[in-house]
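The values are calculated or read from the model by the stated rules, or taken from the named source; none is laboratory data. Note that this is a predicted model, so its numbers are computed, not measured. All Cβ positions, glycine included, derive from the backbone under ideal geometry; neighbour counts span all protein chains shown. With ligands, DNA and RNA removed, areas are computed over all heavy atoms of the protein, side chains included. Shrake-Rupley method; radii C 1.70, N 1.55, O 1.52, S 1.80 Å.
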Amino acid sequence: MRYRALIIDVSAKSWELREYRLDEVLGPIDFGIKLHLEDVESWKRSPYDPSNALVLGAGVFAGSKLFGCHRVAVVFRSLETMGLHVSTMGGVAYKFIGCGVHAIAIVGRAHKPTIVFIRGSEKGVESVNFVNIEPHHLESIYAGYGGRKGAYALEKWLIDTFWDYISETHARPIVVGPAAWRTIFGALVSVDVDLTRRDLVEGSEEFAARGGPGSVLAQVHNVAAIVAGGTWRPQLPTTLLNMSELSKYVSDALGKDYSSAVTEATTKYRYDPHYGAGGTFGVNYPHYRELLPLFNFNSIYLRKEIRKRIADLIIEHYWKPFKEEVFEKSKVWRTCGEPCPAACKKVWRGKKVDYEPFEGVGPLIGVMKLDKSVKVVDEIDQLGFDAIEIGHVIAWLLESVYRGLLEPEDIGISERPILDPLLLNVDLWSRNAELALELVRGLVNKRTEVLKLVAELGIRRAAKILDDRYVARVSALGLRFEDLAIYLPFGSHGYMTPNFYWTPGFLVPIPITGRYWTNYSTTFMEPEEYAKTVFVRALKEYELDNAGFCRFHRGWAEKILAKLYECLGVSIDIDEHAKEMYRKIVEYNVKADAKPRFLESERAKDVIVTLATELGASEWESKFSKNRDDALKEWWSRFAKAFAELLGIDPSYAEL
Ligand code: SF4
């Protein structure tokens, strides 16, 4: 078997097939790294240059009967981090693989907004077609079509307009929404298609969002959608195609029955009897409780008793109504689009509810009512935003108003937010949902000068400009804009915000953050020990993504990945291969001026420092209390040194 990829030049409207030996390119991430680092050398130019290839591809197990192996990985140079980034979306490869290749790379820039169609037959790629769409037409679809708007409307329009093509090829469109054209926070959006009802499958929507791949597809390549499908099937051994053979092979490799291993490993995501709920929303709230990040992470400064009281309110007002409806009454559970016993998509009144989007415009900004946050999440999704990033943007801007750095009119909101955690008043706090909705719409329309800055430049660069613009407020309050934002800086301009966990894991010097390529448990330890745990997870998560596996299946898939590759005749040391690829990502980012830099925001520093106190790491607690910045620099640079040693690179990959 070879890894097959299609390079599609949307300026020249041409395409070229490439094939790679599996010891050279084992999956979509390897292909993306190779293309960016060695072929197009995108680090040499601006990330807005058309050489910034958008690579989108399946793992080599796509087309098999393995559970959870149809994730698509997207590799691109992020307009946020300025370095190479990887994002993924579930289930999409299940239909995409029919187009005749494992992966595609979009290069060049189309003259007009374009939809790329790729059709595969038994022999491979049969045709690639380019259909232009006038900007005003695209806008009118985004404004409303088929009862939806934004990205969802575009996908519905594609289904209706190109129904013959879609019904023949079973293609599942991948689209961008307005956020991708007007901000750097745009996601790739794909909702599964119900071919019988000729409609979108409610609850199966997937987003490749972190780092903004949608913005790269739209703003760099002028592409609005990719529609790929067909009848091609990769040549896979029968062991991976015949369910009973596969079951025996996996059971032998695991030393336990395949289906019980899958059930056990995915309990959290399907249904955990301990909580009487499942899915990330269903489990994270009762699990993390007083460790949840609340009020733009201001919870890290609160006494545990107060945090416990707020957590009780969250459980009562936010989590219980979800649990009752989704696990006791309606039980609408969906998959991402591939057959999967975990069915992790839990649907509440027609909307898929996951922890992070509902945390970002939920308790992170004081909102603890599902009927309020669901409207904001739905708006974020339809506009095609990265929900985690936009959660940070909203929380940061609202707190900037709350603290007096901004006035409500600076960001186009109708009143001051209510962000006092000591109020213990769910009704009052939940009023912030309306302001969040105003902000989401304001950002996509760049309604004020401040919102325009944030939408186009991201949090880090906008914060520095705002420090100058509002210098009097900054000096009167003794507070800079970036002090309220939480991110890891990369090079001169890049940054990435963390996922919503109280952990150092997203703020340590690693080349790719904002994803689970780290240890994100609530822990604090010696930097050398912590570096080891982050290193292991970074490699393992890369391995899963590169193989196209859903990380919710990591509990069993990770253990037998090498054995699964053996089935394809690949016998390489997967961990060594992962190390090599990870080193290349570091190499790319060093060349692209995207080295991880020491934290520059007070809040980001405090996320780590307060955790040491919370967890009783007394030696570090006392070091931090004597001189927080010096001690944190020591911890952070010792981490970088240890991480570099593990990876076999120079510690200068990170900047103090
Ligand atoms: S656990 Fe969820 S995201 Fe993963 S394969 Fe199953 S349905 Fe898809």
Rounded to 0.05, the calculated FRET efficiency for the beta carbons of residue 525 and residue 19 at R₀ = 41 Å is 0.35
Quick calc, residue 260 & residue 199: beta-carbon distance into FRET formula, R0 41 Å, rounding 0.05, result 0.70
Set 304/331; 13/446; 44/595; 34/641; 308/352; 34/595, cut-off 24 Å on Cα-Cα distance; pairs above it are 304/331; 13/446; 34/641; 308/352
Largest-first ranking of 584, 641, 563, 345 by accessible area, probe 1.4 Å, whole protein assembly kept, is 641, 563, 584, 345
Taking the alpha-carbon centre of each part, the distance from segment 547-618 to segment 148-207 in Å is 31 Å
In terms of the alpha carbon gyration tensor, root eigenvalues a ≥ b ≥ c, rounded if a/c is under 1.5 and otherwise prolate when a/b exceeds b/c or oblate, segment 527-653 is prolate
Once the in-chain neighbours fewer than 8 apart are removed, the aspartates and glutamates whose Cα is under 15 Å from residue 95 read 122, 168, 192, 194, 205, 206, 338
Share of accessible surface on carbon and sulfur in the chain, whole %, 1.4 Å probe and ligands ignored, is 49 percent
Under the helix-only model (-39500 (n - 2.57) for each DSSP H run of 4 or more, divided by the residues of the chain), the mean residue ellipticity at 222 nm, to 500 deg cm²/dmol, is -12500 deg cm²/dmol
For residue 624, the accessible surface traced by a 1.4 Å probe with all protein chains present amounts, in square angstrom to the nearest 10, to 10 Å²
Taking a probe of 1.4 Å and leaving out DNA, RNA and ligands, the chain shows per residue an accessible area in Å² of 33 Å²
1/(1 + (r/R0)^6) with r = Cβ-Cβ of residue 121 and residue 456, R0 = 45 Å, i.e. FRET efficiency to nearest 0.05, evaluates to 0.60
If every Lys and Arg gets +1 and every Asp and Glu gets -1 at its Cβ, then about the Cα centre segment 267-445 yields a dipole, in debye to the nearest 20, of 800 debye
Checked the chain against the a/c 1.5 cut and the a/b vs b/c comparison, axes a ≥ b ≥ c from its Cα gyration tensor; verdict rounded
Projected onto the charge dipole of segment 267-445 (unit charges on the beta-carbon of Lys, Arg, Asp and Glu, signs +1, +1, -1, -1), the Cα from 315, 271, 418 with the largest positive-side position is that of 271
Order by accessible surface, 1.4 Å probe, largest leading, for residues 280, 613 comes to 613, 280
Toy charge model, Lys and Arg Cβ at +1, Asp and Glu Cβ at -1: the chain dipole around Cα centroid in debye, rounded to 20, equals 540 debye
tail above 19 Å in the computed P(r) of segment 259-410, as % of all Cα-Cα pairs, reads 56 percent
In debye to the nearest 20, the charge dipole size for segment 527-653, taken about the Cα centre with +1 at each Lys and Arg Cβ and -1 at each Asp and Glu Cβ, equals 140 debye
For residue 114 the rounded accessible area (nearest 10 Å², probe 1.4 Å, non-protein molecules ignored) is 0 Å²
Given the candidates 288, 306, 366, the one whose Cα lies deepest towards the positive end of the charge dipole of segment 267-445, counting +1 at each Lys or Arg C-beta and -1 at each Asp or Glu C-beta, is 288
